[in-house]
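> Just dropping this structure here.
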Amino acid sequence: MTNLRPLLLLTLLLPACRRGESRGGPHGRELTVFVASSLVPAFQDLADTLMRRDSTLLVRLNGAASSALVSQLQMGGAADLLATADERWMRVAQQKGLAGTADTLAVSSLALVISMKSGAADFMRMPLNLASPGTKVVLAAPQVPLGRYSRDLLARMSQLEGYGPDFATRVEHGVVSQELSAASVVSKLRLGEADAGIIYRAQLQADTTGALRELPVPGARDIVAHYLIAMTRAATDTTDARTFLDLLRSAKGRAVLTAHGFELPRGTPTP
């Protein structure tokens with residue numbers, strides 16, 4: 001049974017501040033960043049850095065799937081920056097006049113992982129078993145960037161020797177949940193609510209719980225998500241937005257991204 005909740009219900013407003021704080025500093029300055037859920041932990045670190053430097057600033061992170069973020073902007077959601085997990089949704093935002101020029105800030109390939117909490121970890125030692133009857137799989141929903149990337153990977157696996165052209169279809173039959181954000185896929189796997197799933201490699205490398213284990217798959221590293229960021233056309237705090245962008249592009253920002261498992265775009269200096 002799939003889990004297709006309404007798109008916007010998974011959107012989380014994550015104030016990057018201490019528990020109990022509800023406003024900005026003495027001058028009430030707030031910077032709002034709409035950010036793809038898989039980027040939230042890294043952006044939280046960057047937001048904390050900015051707020052330590054400037055106690056008058058509150059940075060709010062609104063984490064959700066890229067598709068949900070663009071939908072919110074279309075409905076009048078207020079944001080100063082938009083960070084997406086693929087070029088497609090950033091292009092949609094730009095075409096609708098919601099975002100300006102975008103920069104690629106990070107990339108990540110995919111990882112097929114098993115949940116060590118599921119009870120089927122021993123059986124799931126071979127990627128081929130992803131399509132076995134009874135295997136519970138969690139994927140991101142098709143409208144979410146990770147969901148589209150995941151199905152591209154399954155299609156590639158269907159072309160591998162021994163998998164069979166119906167491999168992807170058989171995997172889909174075992175999908176017990178289609179999540180509306182990359183973070184939700186990871187959460188389901190950590191809790192053992194599914195045996196296996198496909199996530200961003202950055203999420204796997206940043207995981208410290210020990211609940212996830214990768215099953216190497218040929219072609220998984222060939223499907224690459226490009227994370228982009230742009231100032232929104234309706235930005236009200238352009239000064240702080242540029243400060244955030246400058247931090248993101250700095251050696252400190254690049255170090256934070258790589259510490260959270262992301263790779264830097266080709267040609268970017270290493271921190």
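> Only residues that are touching a strand residue (DSSP E or B) at 6+ places or on another chain (Cβ under 6 Å), among the hydrophobic types (A, V, I, L, M, F, W, C) and outside any strand (DSSP E or B): list them for region 183-202, please.
Passing the criteria: Val185, Val186, Leu189, Ala194, Ala202.
> Run Ser187 past the list (1) within 27 Å of Phe123 (Cα to Cα); (2) open to solvent by 30 Å² or more (accessible area, probe 1.4 Å); (3) in contact (Cβ under 8 Å) with a residue 24 or more places away in the chain and report the number of the one that doesn't hold.
(3)
> What is the number of the single condition among (1) modelled with pLDDT of 95 or more; (2) more than 24 Å from Ser67 (Cβ to Cβ); (3) open to solvent by 30 Å² or more (accessible area, probe 1.4 Å) that Asp240 does not meet?
Checking Asp240 against (1) modelled with pLDDT of 95 or more; (2) more than 24 Å from Ser67 (Cβ to Cβ); (3) open to solvent by 30 Å² or more (accessible area, probe 1.4 Å), the one that fails is (3).
> If a residue must be of a type outside the set (A, V, I, L, M, F, W, C) and either modelled with pLDDT under 95 or out of contact with any helix residue (DSSP H, G or I) (no Cβ under 9 Å at 6 or more places or on another chain) (or both), how many such residues does region 54-65 contain?
3
> When you look at Gly210, is it on the phi > 0 side of the Ramachandran plot, outside any helix (DSSP H, G or I) and buried (at least 18 other Cβ atoms within 10 Å of the Cβ), yes or no?
no
> Residues Leu247, Leu228: which one is under 30 Å from Met75 (Cβ atoms), touching a helix residue (DSSP H, G or I) at 6+ places or on another chain (Cβ under 7 Å), modelled with pLDDT of 95 or more and surrounded by 19 or more Cβ atoms within 10 Å (Cβ to Cβ)?
Unique residue meeting the criteria: Leu228.
> I need a count of the residues in region 112-147 that are of a type in the set (A, V, I, L, M, F, W, C), closer than 26 Å to Arg88 by Cβ and without any contact (Cβ under 8 Å) to a residue 60 or more places away in the chain.
2
The values are calculated or read from the model by the stated rules, or taken from the named source; none is laboratory data. No experiment lies behind these values; they were computed from the predicted model shown. FYI the Cβ positions are ideal-geometry reconstructions off the backbone, even for glycines, and counts take in every protein chain you see. What goes into the accessible areas is simple: the full protein's heavy atoms, side chains included, and nothing from ligands, DNA or RNA. Shrake-Rupley method; radii C 1.70, N 1.55, O 1.52, S 1.80 Å.
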